[in-house]
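The structure appears right after this line, and notes come after that.
The values are calculated or read from the model by the stated rules, or taken from the named source; none is laboratory data. Computed from a prediction, not measured in an experiment: that's the story for all the values here. Don't worry about glycine lacking a Cβ; one is built from the backbone with ideal geometry, like all the others, and counts go over all protein chains shown.
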Amino acid sequence: MDIRFELAKKLTKPLPKAKGVTLRSVRLEEGSVCASAILMAGGYQQIRENVEDFRMRTGQPLACRAKGKSLEVYAEGGEDPLGTLMAFLSLIAFNSEGVMEVLEFFARYLAPETDSGLRVLSMDMTAEDLRIACEMPLEEGESPENAFSYVSSLLDRYDMGIIKNE
């Protein structure tokens, strides 16, 4: 049996004129084969070059396109579009400590190569908050409360919480 729940975190928006790269959003809808991020920066040439370098180096399906005054970076197809996108985003120094913490948490516990037992179903991150829908298998005889206790222990240093589904 699997249990489903959400991980949540409030984020502090960077100051309006903060230097560096601002992450406006990250999205993966459940069942989708495309994960995308919207970035804001003074210029995008270096990010575009980094996307191309990442794609050539890893062979992962990563691309970018202008979206108004922003740049959308997206991973479409492949084995794990969100994992690909988050691996790329973790190479950028964002101007928000909260965003950097989320990227670290993802790499440590949610990336496919980790052994946390957590599987990401969807993700919605804005400048203000983060919601990640997760699924976790329960061992035979294991109670959901034991699983939630384990997940809580992972969240302690990241100031995140669990929203239990009914």
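Tell me whether region 48-60 contains one or more residues that are more than 22 Å from Val120 (Cβ to Cβ) and touching a residue at least 24 places away in the same chain (Cβ under 8 Å). Let's see the steps before the verdict.
As a first pass, look at region 48-60 and keep what is more than 22 Å from Val120 (Cβ to Cβ): 48-50, 52-53, 56-57.
Next, only the ones that are touching a residue at least 24 places away in the same chain (Cβ under 8 Å) stay: 50.
Yes: one or more hits.
If you scan region 130-148, which residues turn out to be in a helix (DSSP H, G or I) and either of a type in the set (Val, Ile, Thr) or under 22 Å from Glu101 (Cβ atoms) (or both)? Working first, answer last.
At the first step, the residues of region 130-148 found to be in a helix (DSSP H, G or I) are 144-148.
Phe148, the sole residue that qualifies.
From Val73, Val151, Val120, Val102, grab the single residue that is part of a helix (DSSP H, G or I) and either basic (Lys, Arg) or under 30 Å from Arg48 (Cβ atoms) (or both). Full working, then the answer.
Values: Val73 fails: part of a helix (DSSP H, G or I); Val151 fails: either basic (Lys, Arg) or under 30 Å from Arg48 (Cβ atoms) (or both); Val120 fails: part of a helix (DSSP H, G or I).
Going through Val73, Val151, Val120, Val102 in turn, just one is part of a helix (DSSP H, G or I) and either basic (Lys, Arg) or under 30 Å from Arg48 (Cβ atoms) (or both): Val102.
With respect to Thr22, determine if the residue is touching a Gly at 6+ places or on another chain (Cβ under 6 Å) and either crowded, with 17+ Cβ neighbours inside 10 Å or not in a helix (DSSP H, G or I) (or both).
On the way: touching a Gly at 6+ places or on another chain (Cβ under 6 Å): no; either crowded, with 17+ Cβ neighbours inside 10 Å or not in a helix (DSSP H, G or I) (or both): yes.
Spelling it out, it is not the case that Thr22 is touching a Gly at 6+ places or on another chain (Cβ under 6 Å) and either crowded, with 17+ Cβ neighbours inside 10 Å or not in a helix (DSSP H, G or I) (or both).
Within region 127-147, track down each residue that is farther than 22 Å from Pro112 by Cβ and not small (Gly, Ala, Ser).
Residues of region 127-147 farther than 22 Å from Pro112 by Cβ: 127-129, 140-146.
Those that are farther than 22 Å from Pro112 by Cβ and not small (Gly, Ala, Ser): Glu128, Asp129, Glu140, Glu142, Pro144, Glu145, Asn146.
If you go through region 78-90 one residue at a time, do you hit one that is free of Cβ contacts under 8 Å to residues at least 40 places away in the same chain, farther than 16 Å from Pro112 by Cα and not in a strand (DSSP E or B)?
Scanning region 78-90 turns up no residue that is free of Cβ contacts under 8 Å to residues at least 40 places away in the same chain, farther than 16 Å from Pro112 by Cα and not in a strand (DSSP E or B).
Tell me whether region 43-60 contains one or more residues that are part of a strand (DSSP E or B) and either crowded, with 18+ Cβ neighbours inside 10 Å or at pLDDT below 95 (or both). Give the steps one after another, and end with the answer.
To start, the set of residues in region 43-60 that are part of a strand (DSSP E or B) comprises none.
Checked region 43-60: no residue is part of a strand (DSSP E or B) and either crowded, with 18+ Cβ neighbours inside 10 Å or at pLDDT below 95 (or both).
For region 77-126, how many residues are of a type in the set (Gly, Ala, Ser) and touching a Pro at 6+ places or on another chain (Cβ under 8 Å)?
Taking region 77-126 and keeping what is of a type in the set (Gly, Ala, Ser), we get 77-78, 83, 87, 90, 93, 96, 98, 107, 111, 116-117, 122.
If we keep only those that are touching a Pro at 6+ places or on another chain (Cβ under 8 Å) too, we end up with 77-78, 83, 96, 117.
Summing the residues that are of a type in the set (Gly, Ala, Ser) and touching a Pro at 6+ places or on another chain (Cβ under 8 Å) in region 77-126 gives 5.
So for region 64-72 (the condition being touching a Lys or Arg at 6+ places or on another chain (Cβ under 9 Å), buried (at least 16 other Cβ atoms within 10 Å of the Cβ) and farther than 18 Å from Val21 by Cβ), does at least one residue qualify?
no
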